[in-house]
Amino acid sequence: MRSGAKVVVIGGVFVLVAGGLGYGAYAVLGGEGGGFASAPVKTGPPSAAETADASAAFFKAWAAGDAAGAARLTDNETAAEPVLTSYGKTAHIGKVRITPGAAVGAKVPYTVEATVSYRGKSQPLAYESELSIVRGRTTGKALVDWVPGVVHPRLSEGATLRTGEAESPQIEAVDRDGVVLTKEKYPSLGPILDSLRQKYGATAGGTPGIETWVEPADEKRPGTTLLTLAKGKPGTVQTTLDAGAQAAAERAVRKYQQASVVAVQPSTGAIQAVANNPATGFNAAMQGQQAPGSTMKIVTAALLLEKGLVTANGAAECPKEVVYQGAKFHNLDRFDLPDGSTFTQSFARSCNTAFIKLIDDVKDDSALAKEARDVFGLGLDWKTGVVSTDGSVPEEAGGVAAAQYIGQGTVQMNALNMASVTATARTGTFRQPVLVPQSLDDRKLAVTERSLSPSARRQLTTMMRATAAWGTGAKAMASVGGDKGAKTGSAEVDGQATSNSWFTGFSDDLAAAAVVQTGGHGGDAAGPIVAEVLRAGS
């Protein structure tokens, strides 16, 4: 045997090791011939006993601070070791106690109780997570299926845990009247407050504290504070939010599993409420991208009115179905309206075919995209003060362009975009939505080429008022006071049995829009959310 090589016996298995590397494993065989034979590699799901043993071994190594040993018990040692090492070295987490719960198949839930210590400061840290046990592809061993969330549920790929002096001081965000806005009271604001801290914390007049945080792989994204060991002095950041409208928005979205709402002041563009359910993580209300369904008919109606192809009180055909360049379109439940019905009736009843029939007369399939950009400011790179996504209406042709007329096809919006569309329809002039005043950082806001023509604005708001009074939005808007208008939408999405519910409306100087995933008709799910926010802000 070469120098440096040795034989180790582990549980009845000989392992030949040289220079610290295992060269092979062989089972001991009886019989006169002696010798060795390869042990068969196990296959199939890990047994309950294997799941218990593998998870227990991993927990023991992790709790002991043996990052390398714990990493070897996963199916991706290379990725696991630096994260496990950072747990003790850069996050300064020690005195770790892990308590497993009852396994469900190969999944093992557990609680972690530990202590974070840094520069004489310490705080307890407790959280829950889970792991899965899988069988190694080449070894057949039961191993931990490695994902960063094994170490902490807030960790994603490439993210790390850190403890130290915070990179930015804490902030105290306040609403337009000086009311303090916290994650605890307004959970939906969590991602927004993190973004505000990242962007404005260094200039808001505060001093940093000592914290434990999740540092994302993308340095453009804000970190998430997990624990504060020593408080610094927070700086104050003014927002345009309204605490009353925000509280109403938080209550409203909690009634549905996946819902978002935004409220905007038409006269200023000030964002007064933003809420999502679920409340943590992705800010779908301002960053989502989905087809908005018939709420897009606000923009389409503006185009047709400005082109002089319709008037609010003029006749507009609404057949059960129409065909445009080979693409067939129909109304919900294939309803139609009697001959002589007005364009206002088609708008208020959300007749798809009345809009599709007029695309030929426009004589420019890309005209809707131009109207969306030049009048409603969609796609002009909004600078709201936090991360947000502009609406998108690409220039299209044929059947795809026709689908855009009713908010399907390649149109992509979120609740913020549609609230702004309604605000623009209300006043006739686009005012770029903002969540923090422009004066805070002198950023350049988006400006459109022109306003909506006065005639088109008057007719469009009249049609929206009709929708709220006796059209598809009447039931949802019945409890809303003031000068009010609305538009409903149901967006069909491939693979979904039930359409997404969209609704947008205004009351006096407040506009709001909401979307509920698989919520069905716009007035059924999204409508009540918008109504609750409008009532609070009126």
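The values are calculated or read from the model by the stated rules, or taken from the named source; none is laboratory data. What you are looking at is a predicted structure, and each value in this text was computed from that prediction instead of being measured. Neighbour counts run over all protein chains shown; Cβ positions are idealised from the backbone, glycine included.
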Report summary line: So, first residue farther than 29 Å from Thr461 by Cβ in the range 260-283, second residue at pLDDT 95 or above and β-branched (Val, Ile, Thr), Cβ within less than 6 Å, six or more apart or across chains; the pairs are Asn277/Val253
Query raised in the report: Among (1) more than 27 Å from Ala415 (Cβ to Cβ); (2) buried (at least 24 other Cβ atoms within 10 Å of the Cβ), which single condition is Gly377 missing?
Result: (1)
**Report entry** Odd one out for Ala403, checked against (1) more than 22 Å from the chain's Cα centre (by Cα); (2) surrounded by fewer than 24 Cβ atoms within 10 Å (Cβ to Cβ); (3) outside any helix (DSSP H, G or I)
**Finding:** (3)
Query raised in the report: For the subset of the range 406-426 comprising residues that are crowded, with 18+ Cβ neighbours inside 10 Å and β-branched (Val, Ile, Thr), which member is farthest from Gln459 (Cα to Cα)?
Result: Val411
Report task. Return yes when Gly223 is touching a Phe, Trp or Tyr at 6+ places or on another chain (Cβ under 6 Å), at pLDDT below 95, crowded, with 17+ Cβ neighbours inside 10 Å and not assigned by TED's automatic domain parsing to the domain that holds Val516 and no when it is not. Result -> yes
Report task. Look through the range 442-459, keep the residues that are assigned to a helix (DSSP H, G or I) and of a type outside the set (S, T, N, Q), and return whichever of them is farthest from Asp381 (Cα to Cα). Result -> Arg458
**Report entry** Residue, surrounded by the most Cβ atoms within 10 Å (Cβ to Cβ), within the range 431-465, restricted to residues that are out of contact with any strand residue (DSSP E or B) (no Cβ under 8 Å at 6 or more places or on another chain), over 30 Å from Val387 (Cβ atoms) and of a type in the set (S, T, N, Q)
**Finding:** Gln459
Query raised in the report: Which one of Gly473, Gly485 is within 13 Å of Ser350 (Cβ to Cβ), touching a strand residue (DSSP E or B) at 6+ places or on another chain (Cβ under 9 Å) and of a type outside the set (Val, Ile, Thr)?
Result: Gly473
**Report entry** Entirely in the range 62-177, the strands (runs of 3 or more DSSP E) that have 1 or more residues that are more than 18 Å from Thr212 (Cα to Cα)
**Finding:** 93-100, 107-118, 121-135, 142-144, 171-174
Query raised in the report: Can we say Ala166 is among the hydrophobic types (A, V, I, L, M, F, W, C) and surrounded by fewer than 22 Cβ atoms within 10 Å (Cβ to Cβ)?
Result: no
Report task. Taking the residues in the range 494-511 that are assigned to a loop (DSSP other than H, G, I, E, B) and in contact with a Ser or Thr (Cβ under 9 Å, 6 or more places away or on another chain) as candidates, determine which candidate is surrounded by the fewest Cβ atoms within 10 Å (Cβ to Cβ). Result -> Ala497
